[in-house]
1. Working only within the range 200-220, note down all residues that are more than 16 Å from the chain's Cα centre (by Cα) and either surrounded by 24 or more Cβ atoms within 10 Å (Cβ to Cβ) or of a type in the set (S, T, Y) (or both).
2. Picking from E264, E355, E274, which residue would you name as being surrounded by fewer than 19 Cβ atoms within 10 Å (Cβ to Cβ), modelled with pLDDT of 95 or more, in contact with a Lys or Arg (Cβ under 9 Å, 6 or more places away or on another chain) and not small (G, A, S)?
3. In the range 66-114, which strands (runs of 3 or more DSSP E) lie fully inside it and hold 2 or more residues that are within 20 Å of G10 (Cα to Cα)?
4. If you check D200, D188, D254, which single one turns out to be over 26 Å from S353 (Cα atoms) and modelled with pLDDT under 95?
5. Checking the structure you have, find out if any residue of the range 106-119 is over 24 Å from E170 (Cβ atoms), of a type outside the set (D, E), touching a residue at least 12 places away in the same chain (Cβ under 8 Å) and surrounded by 16 or more Cβ atoms within 10 Å (Cβ to Cβ).
6. Could you please find all residues in the range 184-243 being more than 16 Å from the ligand (Cβ to nearest atom), more than 30 Å from F41 (Cβ to Cβ) and aromatic (F, W, Y)?
7. Quick one: L360 ticks every box in (1) assigned to a helix (DSSP H, G or I); (2) of a type outside the set (S, T, Y); (3) away from the ligand (no atom under 16 Å from the Cβ) bar one, so which box is it?
8. Test of understanding: among S234, S139, which residue is closer than 26 Å to S63 by Cα and without any contact (Cβ under 8 Å) to a residue 24 or more places away in the chain?
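The values are calculated or read from the model by the stated rules, or taken from the named source; none is laboratory data. Source: prediction; values computed, not measured. Note that we place each Cβ from the backbone using ideal geometry, even for glycine, and neighbour counts take in every protein chain shown.
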Amino acid sequence: MQISANFDSGNVEVIDASNPQQVVLAIRPDTHSGHFQWFHFKVDGLTPGRQYGFSLSNAGQSSYPNAWTGYHAVASYDQRNWFRVPSRFEQGALNFDVEPQQATIWFAYFEPYSRARHAQLIDQAQRLAGAELLATGRSLEGRAIELLRISRNPQASRKIWLIAQQHPGEHMAEWFMEGVIERLQQGDDAELNALLAQADLYLVPNMNPDGAFRGHLRTNFAGCDLNRAWQSASEAESPEVYFVQQQMRVIGVDLFLDIHGDEEIAHVFTAGCEGNPNFSPRLARLEQQFRQLLIDNGAEFQTTFGYTPDQFGQANTTLACNAVGLEFDCLAFTIEMPFKDHDDRPNPHTGWSGERSKQLGKDVLGVAAAMVGQLR
Ligand code: ZN
């Protein structure tokens, strides 16, 4: 049996593989940071039908130790179809057993969104009607951060921004963006036509390519949490945020959605700007309307579970959502999808998945279409 993680978004260290029924592994921390939770590794040379056991021995010291309770790892034989493997959080370790059907299997914290797929997505997006690669930022390690614009009406006055995967282990965020781009490919879509008659879309499908490639949970190459850098972005520490912020200041923002995954909460939810000092009845009404429309449109979404709302004036404005909502006085949301499942509509086989993330992206476009006339 060979275990490897030396590939795109791979992360695991082998501590002791002498007993195939109790392979002891550890998750590697983010570069220049103590954060860790994301894991992704390949196991070769298995005997189908035999039982193997894997133990992520340092899970209890990870960034979100409570996240392992009720969590099940994902596995795949082909890196396309991912399924959940019953997992147990015991004495600080995450343990799972498999009787593989094939000699090679991959395990991960969530269905990975690869750099290869990212490259295809950017190509696909540039072929959309009205699309262009407007600008390209560079990560600390020189990877591209693509800003795409979709503009189908020169008179469109609204600017709608969607950015994803500031936290690099939150791969569901780029699956969401793939759903957005897939829906934009459909020709005959009355909702989208209405949206694009009034608004241009600005899409950043991956904000943190270094972190994603390196198998990080939370930070960029410098150990910077990009979603705590929106009041201090610099070319030296957080060029990823600096680039997008500069573009926003040139272009303007009328609606901002920042796409994330949450390790602990087994529901899809939003976090808004209620703690911002400029939060007004207008913004409160827009937030309420956005959430209600998602529910009314049948999206996998709910408002019972989520983060405790901030007190007025107490927002942490280093977060993208709060920073952009404050600077541009616009509707701004963090959209959080689960690593576990959306317990309102559980699927024990897949849990929350890339496919469900994509569908949410499509549903969110429908809500943006319904609201585009009221953003200002
Ligand atoms: Zn996040």
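1. Residues satisfying the conditions are L201, Y202.
2. E264
3. 73-76, 83-85, 93-98, 105-108
4. Working: D200 fails: modelled with pLDDT under 95; D254 fails: modelled with pLDDT under 95.
After applying the criteria, what remains is D188.
5. First pass over the range 106-119, keeping only residues over 24 Å from E170 (Cβ atoms): none.
No, every residue in the range 106-119 fails to be over 24 Å from E170 (Cβ atoms), of a type outside the set (D, E), touching a residue at least 12 places away in the same chain (Cβ under 8 Å) and surrounded by 16 or more Cβ atoms within 10 Å (Cβ to Cβ).
6. Y202, Y242, F243
7. It is condition (3) that L360 fails.
8. Unique residue meeting the criteria: S234.
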